[in-house]
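Worksheet: one structure, shown below.
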Amino acid sequence: MSKFKVPHVYVIIAIIIIFAAILTYILPAGSYERYVDEATGRTLVQAGSYAVMESTPVSVFGVLQAVPKGMLEGASVIFIVFVFGGAFGIINATGAIESGIESSITVLRHMSLVLIPALMILFGVMGGFLGMIDCLIVFVPLCIMFSRALGYDAMVGFAALQVGNIAGFACGPMSMWNTGVAQEIAELPLFSAFGVRMIMFVLFVGVGIIYVMRYALKVKKHPELSVVYDLELKHKGEEENTKKVTGEFTTRKKVVLAVVVVGFIGLIIGVISGWSAGTQISGYLLGLAIVVGFVNGFKPDEIADHFVQGARDVVMGALVIGLARAILVILTEGNIIDTLLFGASSVLGNFSPVVGVVLMFLFQFCFNFIIYSGSGQAATTMPLMVPLSDLIGVTRQSAVIAFQLGDGLSNALWPTAGPLMAGLSIAEISYSKWLKWFMPLMVIQIIMACITVAVCQLVGLGPF
């Protein structure tokens, strides 16, 4: 009996697109009334205002049109991926980073047991306290380079960023983009229950570190057990060819590496200062890559060639982002998003507080497939979850934690999550291989989240 093979990510998304279109024929169209909250300026859903409207099923031609529409709606993120890929194509072609890491390999080897956990804690803090997810894809190539220098594989480098960052963001001790927005809507004191979220932060990030390091140590001892072993073999072959071109760690390469380091310090400052990933960060990285190319002695034509090659390497992942947006286009044009929301809220109202809060988490987890944005999902679902939590006896604080865990953790799973697919593309890791590696940890995190929200409800986490 042949082993089951996960379909190509394009096939998975195509199946979901077709399923979404079929739902527009089965489910009634409907919508909630929305209003602008004067205090925050956000558009919120008016609880109890759902009304059925004339059905608007999406035709076969509409499904086909949804793909280019999705590409247009995801154009800004797709553009970011191409710029990142092209910019790193230039930087990587200099060989300066690889040469610098290779020259420091002895020091790095001695740090192998602490460097990956340290990076995961750092990215967890950036997600949990600064709410950063999208812009951190810029660090994917560097994390993978460090990982390989330590004797691990690309999966360890990517996971160090992704797992640490998402776990931190999901717990959100002081993240305005999920915790802050949800608490404002729930009329809770800003960042209340901070201590509980810090305990969550330690537990979720800690479990992530243990999972990643267990795999890392296994791969270091037995490289053939790597989930991305074929990618590592390909990299080693390319590395041998690169060494012939780049040679030793020359003075010029030291200067290039210094420019890269200084440039990335400036980038980190910009990220912390709130730069836009679509324009400011992309523009800065593009400018840095061009400067690095000239410092390395590349001619303009060579810089252009390396940029094109880098952009070419991320085409598949960039297009996935647009394809995934087509799902949202179909659900929106079929006017069934609010119908799904209404149905879920109606079902949740039939359960006890503890069961209800667990189901709230699972609902938020699944609903993030449709609306990826944390603040966008909060503005859409929390105006309904808050009165529902009051009705079934769930504390509002517990409802907020159910939201942030459901929204946050699923960002590392759904193919509609732009940063996840963009990062995988840059790392050259297929979505199917990511699922194979990540799913056991995802199951563990889901169980932890269910226990967490249940305990919060049982102890009556407040202030209300």
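The values are calculated or read from the model by the stated rules, or taken from the named source; none is laboratory data. Because the structure is predicted, anything quoted here is derived from the model rather than measured. Please note: Cβ atoms are built from the backbone with ideal geometry, for glycine as well, and neighbour counts cover all protein chains shown.
Which pairs turn up if I take residues in the stretch 227-242 that are under 15 Å from Ile144 (Cα atoms) and look for partners that are modelled with pLDDT of 75 or more and of a type in the set (A, V, I, L, M) with beta carbon separation below 6 Å, at least 6 apart in sequence or on another chain?
Val227/Met155; Val228/Ala154; Val228/Met155; Val228/Ile429; Leu231/Ala154
Looking only at the stretch 277-295, decide whether some residue is under 25 Å from the mean Cα position of the chain (by Cα), assigned to a helix (DSSP H, G or I), more than 30 Å from Thr251 (Cα to Cα) and in contact (Cβ under 8 Å) with a residue 12 or more places away in the chain.
Checking the stretch 277-295: at least one residue is under 25 Å from the mean Cα position of the chain (by Cα), assigned to a helix (DSSP H, G or I), more than 30 Å from Thr251 (Cα to Cα) and in contact (Cβ under 8 Å) with a residue 12 or more places away in the chain.
Looking at (1) more than 22 Å from the chain's Cα centre (by Cα); (2) at pLDDT below 80; (3) under 26 Å from Met421 (Cβ atoms), can you tell me which one Gly41 breaks?
(3)
Residue-by-condition table, conditions (1) touching a helix residue (DSSP H, G or I) at 6+ places or on another chain (Cβ under 8 Å); (2) closer than 30 Å to Tyr32 by Cβ; (3) at pLDDT below 85:
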{"site": "Val271", "(1), (2), (3)": "yes, no, yes"}
{"site": "Trp275", "(1), (2), (3)": "yes, no, yes"}
{"site": "Phe294", "(1), (2), (3)": "yes, no, no"}
{"site": "Val347", "(1), (2), (3)": "yes, yes, no"}
{"site": "Phe351", "(1), (2), (3)": "yes, yes, no"}
{"site": "Gly356", "(1), (2), (3)": "yes, yes, no"}
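Would you confirm, using the coordinates I've provided, whether Ala14 is surrounded by fewer than 22 Cβ atoms within 10 Å (Cβ to Cβ) and at pLDDT below 85?
no
Is one or more of the residues making up the stretch 401-419 at negative phi, outside any helix (DSSP H, G or I) and over 17 Å from the mean Cα position of the chain (by Cα)?
No: zero hits.
Output the residue which, of all residues in the stretch 48-84 that are surrounded by fewer than 16 Cβ atoms within 10 Å (Cβ to Cβ), not hydroxyl-bearing (Ser, Thr, Tyr) and not in a helix (DSSP H, G or I), is modelled with the lowest pLDDT.
Gly48
List, please: which pairs have Cβ atoms under 7 Å, are six or more places apart or on different chains, and start with a residue in the stretch 125-140 that is on the phi > 0 side of the Ramachandran plot and end with one that is outside any helix (DSSP H, G or I)?
Note: pairs meeting the criteria are Gly131/Ser175.
Can you spot a residue in the stretch 426-433 that is among the hydrophobic types (A, V, I, L, M, F, W, C), buried (at least 21 other Cβ atoms within 10 Å of the Cβ) and at pLDDT 90 or above?
yes
Of everything in the stretch 130-169 that's among the charged types (D, E, K, R) and not in a loop (DSSP other than H, G, I, E, B), which residue is nearest to Ile90 (Cα to Cα)?
Arg148
Quick one: which of Val357, Val394, Val400 is in contact with a Gly (Cβ under 6 Å, 6 or more places away or on another chain), touching a residue at least 40 places away in the same chain (Cβ under 8 Å), crowded, with 24+ Cβ neighbours inside 10 Å and β-branched (Val, Ile, Thr)?
Just a single option satisfies the conditions, and that option is Val394.
Within the stretch 190-229, how many residues are outside any helix (DSSP H, G or I) and loosely packed, with under 14 Cβ neighbours inside 10 Å?
2
Can you tell me which of Arg312, Arg325 is of a type in the set (Lys, Arg), buried (at least 23 other Cβ atoms within 10 Å of the Cβ) and within 29 Å of the chain's Cα centre (by Cα)?
Arg325
Taking Phe464 as the residue in question, decide whether it is buried (at least 17 other Cβ atoms within 10 Å of the Cβ) and either closer than 23 Å to Met71 by Cβ or not hydroxyl-bearing (Ser, Thr, Tyr) (or both).
Judged against the criteria, Phe464 is not a match.
Would you mention how many residues in the stretch 8-35 are farther than 30 Å from Lys436 by Cβ and without any contact (Cβ under 8 Å) to a residue 12 or more places away in the chain?
Final tally of qualifying residues: 2.
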